[in-house]
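Step one of this worksheet: look at the structure below.
The values are calculated or read from the model by the stated rules, or taken from the named source; none is laboratory data. In this text the structure is predicted, and so the values were computed from the model without any measurement. Backbone-built Cβ (ideal geometry, glycine too); neighbour counts: all protein chains shown. Note: areas computed on protein heavy atoms with side chains; ligands, DNA, RNA excluded. Shrake-Rupley method; radii C 1.70, N 1.55, O 1.52, S 1.80 Å.
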Amino acid sequence: MGKTRFVLVDDHAVVRQGIKALLSSNPDYEVVGEAEDAQGAVRCCRKHKPCVVFLDVRMPKMNGLEVIDDIRKQCPDTKVIMLSAYRSEEFLHAALKQGAHGYITKSATYPELEIAIANVLKGGRYLSADVTRNVVDSYLEAKKAPEFETKWGTLTKREREVLNLIAEGNKNKQIADYLCISVKTVEKHRSNLIGKLNLHSSAELTAYTLKNQIFLDELTDTPS
C-alpha cells in the first residue's frame, strides 16, 4: 500500500503549513499539493489525484462549497473534507449536499483529523463533534418553528458566484470581467437575486451580502 496523499486548500498559508506539519508526523501520509483558492484547488487535485483534499469553506472570489462538485467529477476517488471555522448547519448541509465526505472545524485536534481521515477513506463520513452538537440543537429548535428551504439553497451556482463577488465590493463591470460574461447578464443575475432573496433594490442586495458574508457567517434564518 502506498502513502495516503493529501492536497491542502486554504487561502491562509499559516493554516496550510500547520496542517502539513501535523500530517507529516505520520510516515504513511504525504502532502502532494497546496492551493490558496478554489480555482487552484481544482487544478491541484486534477494534477495530483490525492486520496484526500482538505478544502477551506471560505476563500476569495469563490468559496470551497462551489468547487466540491468539480473536484469530485474530475477526481472521483478523492475524498473531500471541508475545513471550516463555521459550525452553522447551513454550511454543513450545503457541504454534504454538494458531496463532501467530511466536515471538521479548524479547532479540531490532530487525533480528530486522523479519525476523520480514516472514516472517509473507509467510505464513511465524519462530522466534528461541535458541528454535530449544533445539528442536534438546530433539530430541537426546528420543532418550535415551521421548516422551510434556506434562501441559499434556491440560488444557482452562477448566482452564488455573483453574490460572492458583490460581497467583496466588486462593481458590475468587474464581476462581468471576472466571470467572462456581459454586464447585462450580471444585471440580470442581480435582478434574480433581489427577487429570490426577497429584497427590493441593488442597495439592499449589497447590504445583505455584507451583513451575511455570503452565508459564511451565522445566519438567523431557520434552517430547512
Q: Specify which of the listed residues (ALA38, ALA13) is of a type in the set (Gly, Ala, Ser) and in contact with a Pro (Cβ under 9 Å, 6 or more places away or on another chain).
A: ALA38
Q: Select from segment 102-131 the residues that are farther than 22 Å from GLY2 by Cβ, without any contact (Cβ under 8 Å) to a residue 24 or more places away in the chain and of a type in the set (Lys, Arg) and list them in ascending order.
A: none
Q | Pair list, Cβ under 6 Å, 6 or more apart: segment 76-101 residue more than 17 Å from ALA118 (Cβ to Cβ), other residue charged (D, E, K, R) and open to solvent by 10 Å² or more (accessible area, probe 1.4 Å) | A | ALA85/LYS106; ARG87/ASP130; SER88/GLU218; GLN98/ASP69; GLY99/ARG72
Q. So which residues in segment 118-161 are surrounded by fewer than 12 Cβ atoms within 10 Å (Cβ to Cβ), outside any helix (DSSP H, G or I) and at pLDDT below 70?
A. LYS143, LYS144, ALA145, PRO146, GLU147, PHE148, GLU149
Q. Could you count how many residues in segment 162-180 are crowded, with 16+ Cβ neighbours inside 10 Å and part of a loop (DSSP other than H, G, I, E, B)?
A. 1
